[in-house]
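Where a number appears in this text, it was derived from the coordinates with a stated rule and is not lab data. In this text the structure is predicted, and so the values were computed from the model without any measurement. Glycine gets a Cβ as well: all are built from the backbone with ideal geometry, and neighbour counts include every protein chain shown.
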Amino acid sequence: MVELICINCPIGCNLTVEVEGEVIGAVTGNTCKRGEKYAHKELTNPTRIVTSTVKVENGNAPVVSVKTKNDIPKGKIFECIEALKNVVVKAPVNIGDVIVSNVASTGVDIVATTNVI
Amino acid sequence: MKYDVVIIGGGPAGLAAAVSARDNGVESILILERDKELGGILNQCIHNGFGLHTFKEELTGPEYAARYITEVQNRNIEYKLHTMVIEINKDKVITAMNQEEGLFQIEAKAIILAMGCRERSRGALNIPGYRPAGIFSAGTAQRLVNMEGYLPGREVVILGSGDIGLIMARRMTFEGAKVKVVAELMPYSGGLKRNIVQCLDDFGIPLKLSHTVVNIKGKERLESITLAQVDENLKPIPGTEEEYTCDTLLLSVGLIPENELSENMGIEISRVTSGPIVNESLETNIEGVFACGNVLHVHDLVDFVSGEAATAGKNAAMYVQGKHIDKSENTISLQGENGVRYTVPVNIDPKRMEDSQIIRFRVGQVYTDSFLSVYFDDERISNKKKRVMAPGEMEEVVITKAQLMDRPNLKRITIKIEEA
Amino acid sequence: MVDVIIIGAGVSGSACARELSRYNVNVCVLEKGEDVCYATSKANSGIAHAGYDAKVGSLMAKLNVEGNKMMPELSKELDIPFIQNGSFVVCNNQEDLDTLKTLYDKGVANGVDVEIITDRNRIVEMEPNIADNVVAVLYAPATGVVCPFTLNIAMAENAAMNGVDFKFNTEVVGFEKTDNGWKVLTNNGEFETKYIVNAAGVYADVLHNMVSENKIHITARRGDYCLLDKGTGKHVNRTIFALPSKFGKGILVTPTAHGNLLLGPTAVDIEDKEATATTSEGLNELIAKAGLNVKDIPLRKVITSFAGLRAHEDNHEFIIKEVEDAKGFIDCAGIESPGLTSSPAIGKMVAGILKEKLGLEPNPNFNGKREGIIASNELDFNSRQELIKNKPAYGNIVCRCEMISEGEILDAIHRPLGAKSLDGVKRRTRAGMGRCQSGFCSPRTIDLINKECKIAMDEITKSGGKSQIIVGTNKDSL
């Protein structure tokens, strides 16, 4: 048995997952279906959304906030952050603009989450 | 200057209130925002997790704000940036200032207070020790890192497990700092569980419950802090001290609704929430002055702020349009008991209320497998089992108009926690 | 070679500098900190004591009463906040009435207007929140509250305007006697001078003992304080003192010159002359004792606590004279409470000594008037509107708690001896001194310092030295 806290939404359900070797069994304690899905994913391939900043030139702000457009494998978080270290973009930047594509070979893009003019 | 509805604050509460007031038929609306842009504190909350209720998707703070800013702009609602309100009087005359227009006054028919909250500082906690550089509120650090790209420190201890503190533990880690520990005075965390998982557990950052900072060293820049365990009276236990070398202490020790303007205009403030005392319409003791969002009571979720603000906007619209039904002689008072610290609203006018009314509150400690009961006078009308209730998470119950219409002599609604 | 070097830009040193600038004389002030008002002068009660407490016939009593009398005029001349609010010393039981009477007699002997009030109704009428067991008070109408920062800063600024040179980050490490005076050795070079004024606060004994065989000893006496939010100052009208004990005047409860309520200080003798850390024992003691004399103190409005050091000389007396075995070296030592009150008189006395010795002539260009930083939030509607029209920076509020505008901060940065640090701005303008304790305004203030002083962001400090606020940029260590 494995105890998890679902991170899908602010309720933060306490999940109990039956695990036998490689086999993931019943999930209990979830309020919605996403809890079950989360439990499976967390035990096989845990993923996270990563948010950070990159530098902007000639804009009304020195940095622009960014995120991974989708969740990426947990183990790739720091590789993803390091890939942003030397990135400098030029203003204007709009929400949704791709800042880095296929970051850390995850197949996921880094996109802007603020407008910088 | 004259406007029908003036909204003080252009953060999530003010934006949603403005949109709602317009959608309920008010043409003349003005938002006053002190910062350089609309969106308020959301602009520095660059992490994800916003909007699941409102937009059914997970957004970052700036993205959530941008959605509402677009709504405001699409409706051509007027707003003034860089504009500080310095006084509001009982007659709803607002004195404000900015660089271009200088000092000016605005007459409003209705006012919506949406000023948000501020962070509790070190001083309010009386933490002993030196006063070096390197001690920041979590929100100040958040602004420096997320909006300006500056790192306030490299070796970090965080006091307080409020959500901003937890979020900043992850942000500082991402930007190259080492977060050594998060200490929490209470025996439970003040933040959401999901944030403990994805901001601390993911990075092996320990959370020490029932711990506090008992000393601060460093005459110029912070050099170390000492943590100690506390007993059930929250007093440090001698012999449990542990020193952590660090150059930065972030404080996430509570938020306080920012009601100096409200207090000065004579609005009654709750000692528990530090926010205005409001009725079902989110109207304060001054007629035509409404409050919503974190200035009313501190929320965990911006989605609930937006919802509450929409209610305030609608009621402000009804007020200026003269659609508000006259107040009844008998209003029903609401109260929290047995661990329910407060309720918003504090009273309900059954004639004026909508078909259903959300009552929000917080509990005073962690309750597991307890019952949340609602009493109409002395009659228990509901008794719902809750697996967990914690002070860090706002709770709600819903009362319907039909329930109240059945009971014309009802004086009091009590919400309380009862053991299994 | 200058005529006079003053060591220390605290309130005594700055008062000496200003008084000397009335004469044609070359004066240089050496300060080890990055700013004036850097140590003892920045953390005290901010009281202009009436003078009933000092030992009859002492120099302390004389200068206290003189300084108190100078304060109303001086505060106008220097444009600084000063309110003559009067004070009570409270007596909580009949047995202590004798002690109160002794204090009254001292007051009369020192030439201070004092009165014992035993009519409880009158006491309560004057101070509705006085503790229930107070049976009598010593009332001294001459007591006042002054902003300790701006008193110090204004005197230094005015001295600078009148030609005094200030050198900061300059710590004195030794002295050499020369044929016609002294060579002062510092971490920032050597300075030659005819005369030295030793106004080094808690370090005055260390400097004195470098040049004299007749040793003096100063103990740093730490006092913890709690400051409550603006508006709470109305809780009492006057400064409320406890009956004095051997450790000084005891815990007081007072409105500040800006309408806060201040509680403090405790009194703990310590060896480390830099140990300005508060302790939980001190803060607890403070809160317990303050409540003995004033009831219902709104403690939930505490916004900060801090500790200050008093330069307690073993004989509890000011030492202001030329050192007998070190000619040309003038002590201004042991300046503890009522040092702030006495400072204008101390300055006058020291200037008097040097006038005599150097045969000084008046400075015909001396201008004793200093214009303070405009407190724009205190202006009436029309004046404020006019101000913003002429200088739009006054329309941009930077500190929300104290309502301090960019205009005020720019003034603080650009005036003589301008602010270079966050605390420098804070002490001059009050930006960051309010209920959020600079959480909101500090990023904006450092931004202004960065632009106006051309100091790199990661070089801007809270208060000089290694107190940098920002250590780098995002991901710079990855």
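Please list the three semi-axes, largest first and in whole Å, of the ellipsoid equivalent to the range C:376-477, using sqrt of 5 times the eigenvalues of its alpha carbon gyration tensor. Working shown, then result.
Values: eigenvalues 136, 37, 30 Å².
Semi-axis lengths for the range C:376-477 are 26, 14, 12 Å.
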Given a cut-off of 29 Å, name the pairs among C:Lys42/C:Lys289; A:Lys90/B:Lys56; A:Lys37/B:Lys416 whose C-alpha atoms lie farther apart than that in the structure shown. A:Lys90/B:Lys56; A:Lys37/B:Lys416
Test item: C:392-399 mean partner chain Cβ contacts at 10 Å: 5
Estimated vicinal HN-Hα couplings, Hz - the range C:285-299 in sequence order (Karplus 6.51, -1.76, 1.60; Gly, Pro = x): 4, 4, 5, 5, 6, 4, x, 6, 10, 10, 9, 6, 4, x, 5
Bin all alpha-carbon pair distances of the range C:95-229 at 10 Å intervals from 0 and give each bin's fraction as a whole percent. 9, 21, 25, 20, 16, 9, 1
Compute the distance from the alpha-carbon center of the range C:268-288 to that of the range B:347-420, in whole Å. 48 Å
Positive minus negative residues near B:Arg380 (Lys, Arg vs Asp, Glu; Cβ under 15 Å): -1
For chain B, modelled as a GNM with alpha-carbon contacts under 10 angstrom, which of B:Met265, B:Met405, B:Met172 fluctuates the most? B:Met405
Order by neighbour count: B:Met147, B:Met97, fewest other Cβ atoms within 10 Å first, most last. B:Met147, B:Met97
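Please compute the average number of Cβ atoms from other chains found within 10 Å of each residue's Cβ in peptide C:271-283.
On the way: counts 0, 1, 0, 2, 2, 4, 10, 8, 4, 8, 1, 1, 3.
Mean shielding count: 3.
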Pair-distance profile P(r), taking every C-alpha pair of the protein assembly as shown, with 10 angstrom steps and integer %: 2, 10, 18, 22, 20, 14, 8, 4, 1, 0, 0
Convert each backbone phi in the range B:190-202 into a coupling constant with the Karplus relation 6.51 cos²θ - 1.76 cosθ + 1.60 (shift: θ = phi - 60°), then list the ³J(HN,Hα) values in order as whole Hz, x for Gly and Pro. x, x, 6, 4, 4, 6, 5, 5, 8, 10, 10, 4, 4
Can you list the HN-Hα couplings for the range C:148-165, worked out from phi with the Karplus curve (6.51, -1.76, 1.60; θ = phi - 60°), rounded to whole Hz and with x for Gly and Pro? x, 5, 6, 4, 5, 4, 5, 5, 5, 4, 5, 4, 4, 4, 9, x, 6, 8
Descending semi-axes in Å of the range C:52-120, equivalent ellipsoid built from Cα gyration tensor: 27, 16, 8
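In deg cm²/dmol, rounded to 500, what helix-only [θ] at 222 nm does chain A give when every DSSP H run of at least 4 residues adds -39500 (n - 2.57) and the total is split over its residues?
Values: 2 runs with 20 residues, N = 117.
-5000 deg cm²/dmol, from helical runs alone.
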What order do you get for C:447-458, B:337-348, B:39-50 when each peptide is scored by the mean count of other beta carbon atoms within 10 Å, highest first? B:39-50, B:337-348, C:447-458
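What average count of beta carbons from other chains do you get within 10 Å of the Cβ of residues in B:60-68?
Values: counts 8, 4, 8, 9, 1, 1, 6, 1, 0.
Mean number of neighbouring Cβ atoms from other chains: 4.
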Need one number: nm distance between label points at C:Glu274 and C:Leu292, each 7 Å from Cα along Cα→Cβ, rounded to one decimal. 3.4 nm
Once a ≥ b ≥ c are taken as the square roots of the eigenvalues of the Cα gyration tensor of chain B, is the result rounded (a/c under 1.5), prolate (a/b larger than b/c) or oblate (a/b not larger than b/c)? oblate
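Fewest first, what order do C:His217, C:His49, B:His211 take by the number of other Cβ atoms within 10 Å?
In increasing order of surrounding Cβ atoms, one gets C:His217, B:His211, C:His49.
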Among C:2-9, C:414-421, C:108-115, what's the highest-first ranking by average C-beta atoms within 10 angstrom per residue? C:2-9, C:414-421, C:108-115
Put in order of increasing Cβ neighbours within 10 Å, starting from the fewest, B:His297, C:His316 give C:His316, B:His297
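Once the Cα gyration tensor of the range A:51-112 is found, what semi-axes does its equivalent ellipsoid get, as square roots of 5 times the eigenvalues, in whole Å, sorted largest first? List each step's numbers first, then the result.
Values: eigenvalues 84, 25, 14 Å².
Semi-axes (√(5λ), whole Å): 21, 11, 8.
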Projected label distance in nm at A:Asn94 and B:Lys90, using a 7 Å step from Cα toward the beta-carbon: 5.2 nm
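So, counting K/R as plus one and D/E as minus one, what does the shell of residues with Cβ under 14 Å around C:Phe381 add up to?
Values: positive: C:Arg384, C:Lys389; negative: B:Glu87, B:Glu101, C:Glu378, C:Asp380, C:Glu386.
Neighbour charge sum, excluding C:Phe381 itself: -3.
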Roughly how far apart, in whole Å, are the Cα centres of the range B:191-207 and the range A:2-30? 17 Å
On a C-alpha basis, how far is the centre of the range C:133-164 from the centre of the range C:186-246 in Å? Whole number, if you could? 15 Å
Which value in Å is the Kirkwood Rh of the range C:339-383 over different Cα pairs? 14.1 Å
Net charge near B:Glu418 (other residues with Cβ under 13 Å of its Cβ; Lys, Arg +1; Asp, Glu -1) is +2
Round to the nearest 0.05 the FRET efficiency obtained for B:Glu268 and B:Glu329 when R0 = 25 Å and r is the Cβ-Cβ distance. 0.75
Simple spin-label estimate for A:Leu43 and B:Asn338 in nanometres, 7 Å along Cα-Cβ: 3.8 nm
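What shape does chain C have by the C-alpha gyration tensor, where a ≥ b ≥ c are the square roots of the eigenvalues, rounded means a/c under 1.5, and otherwise prolate means a/b greater than b/c and oblate the rest?
Working: a/c = 1.56, a/b = 1.10, b/c = 1.42.
Cα axes put chain C in the oblate bin.
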The range C:7-129, Kirkwood Rh and Cα Rg, ratio Rg/Rh at 1.06
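Plugging the Kirkwood radius over Cα pairs into Stokes-Einstein for the range C:315-419, at a temperature of 20 °C and a viscosity of 1.002 mPa s, what D comes out in µm²/s?
Working: Rh = 17.8 Å.
D, rounded to a whole number, is 120 µm²/s.
Relative to the compact-globule scaling 2.2 N^0.38 Å, provide the ratio for the alpha-carbon radius of gyration of the range A:2-45. Could the numbers behind the result be given before it?
Working: Rg = 9.5 Å, N = 44, 2.2 N^0.38 = 9.3 Å.
In units of the 2.2 N^0.38 Å rule of thumb, it is 1.02.
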